[in-house]
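Reading through the structure tokens given below for one structure.
The values are calculated or read from the model by the stated rules, or taken from the named source; none is laboratory data. Predicted, not measured: the structure shown is a model, and the values here were computed from it. Using ideal geometry, Cβ is built from the backbone for each residue, glycine included, and neighbour counts are taken over all protein chains shown.
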Amino acid sequence: MELPAGLSSALKTAKKILVLTGAGMSAESGVPTFRDARTGMWKKLRPEDLATPEAFRDHPKVVWDWYEERRKNVRGVSPHAGHYALVEMEQHFEHFLLATQNVDSLHQQAGSKQVVELHGNIMLSICSETGKRIDEEWIKSSTLRPPASPHHPKGLARPAVVWFGESLPIDAMNRAMASAGDCDVCFSIGTSTLVQPAASLPFIALDSGATVIEINPLPTALSEKAHYSLQATAAEALPAIAAVLRD
Ligand code: BV8
């Protein structure tokens, strides 16, 4: 894949990198994006309606089963060449932070180290009342769906993800915000930049003078403002970018 000349030189002189990824980063591994998660028995329901504390309060089994189906999907997928290219790029820079909106652990599975999960992790469970972790053994041994919580009489087990209307993990968001305000280059990969506050990160980087590179086959609200908007997939573009750094 041919890369704009300016992009390569911006990368070669950069020291601090922020990478923001969204559902499109996992698409080529077989994880449906939020936009096209409208398949099977969920096509009638918008993810934004299911991924809320209210939906879990009113329809705990429907929401729990939706996450069980997504967990099954995540157990069956593996990282692609784009994930491994990001692992290689991480070695190349003094400061490298990967802030992901994805809850599927594919970056960590590929070997990325400096990763912050802005929206949590779908494979982990917590108590709906106390937020305390519930280990997989308890989940497996329970016949209830969702299982009751061992930490609170009224608590239920819920996925350790950030639902709409819930605040993001403060440490993860602070690290991402700090990096956005201080990076030389910010990548926005496979995200529609619609969900806040994560979507504001590339714009903060823009305002602080960073070079912003978008990778997305389709245009987004960021495309016009990004210095480089590569209309390509993550698995196509990232290996080409990693190759530039090898020269
Ligand atoms: C909060 C975990 C407040 C759960 C997720 C009005 C205006 C502004 C904001 C709001 C508003 N109303 C409400 C809000 C706030 C809301 C929000 O932003 N809503 C949106 C919908 C308008 N945000 C929140 O509620 C946040 N919390 O604000 O709390 C608060 C503050 C203080 C104190 C208390 C409370 C919480 C947001 C997090 C929600 N949880 N996930 C789960 O997974 O089940 S969000 C979830 O959806 C994902 O994590 C991800 O973030 C988002 C989906 O977006 P994308 O990742 O961008 O994916 P999408 O499918 O949209 O697009 C895919 C893109 O990839 C496309 O562009 C496509 O072209 C591209 N693509 C496809 N294939 C490829 C590709 N790119 C590259 N390669 C490919 N192969």
Exception for A178 within (1) within 15 Å of the ligand (Cβ to nearest atom); (2) surrounded by fewer than 15 Cβ atoms within 10 Å (Cβ to Cβ); (3) assigned to a helix (DSSP H, G or I) falls at (1)
Return yes or no: is G209 away from the ligand (no atom under 15 Å from the Cβ), in a loop (DSSP other than H, G, I, E, B) and modelled with pLDDT of 95 or more? yes
I need the full set of residues from region 75-103 which are surrounded by 21 or more Cβ atoms within 10 Å (Cβ to Cβ), in a helix (DSSP H, G or I) and either within 12 Å of the ligand (Cβ to nearest atom) or within 16 Å of the chain's Cα centre (by Cα) (or both), in order please. G82, H83, L86
Give me a count of the residues in region 26-53 that are modelled with pLDDT of 85 or more, within 23 Å of S167 (Cα to Cα) and either among the charged types (D, E, K, R) or within 9 Å of the ligand (Cβ to nearest atom) (or both). 5
Does S167 satisfy the condition of being within 16 Å of the chain's Cα centre (by Cα), within 7 Å of the ligand (Cβ to nearest atom) and of a type outside the set (F, W, Y)? yes
Kindly indicate which of T130, T191 is surrounded by 18 or more Cβ atoms within 10 Å (Cβ to Cβ), out of contact with any Pro (no Cβ under 6 Å at 6 or more places or on another chain) and part of a loop (DSSP other than H, G, I, E, B). T191
By residue number, the members of region 107-155 that are farther than 27 Å from E94 by Cα, more than 16 Å from the ligand (Cβ to nearest atom) and either touching a Phe, Trp or Tyr at 6+ places or on another chain (Cβ under 8 Å) or in contact (Cβ under 8 Å) with a residue 60 or more places away in the chain (or both) are R145, P147, P150
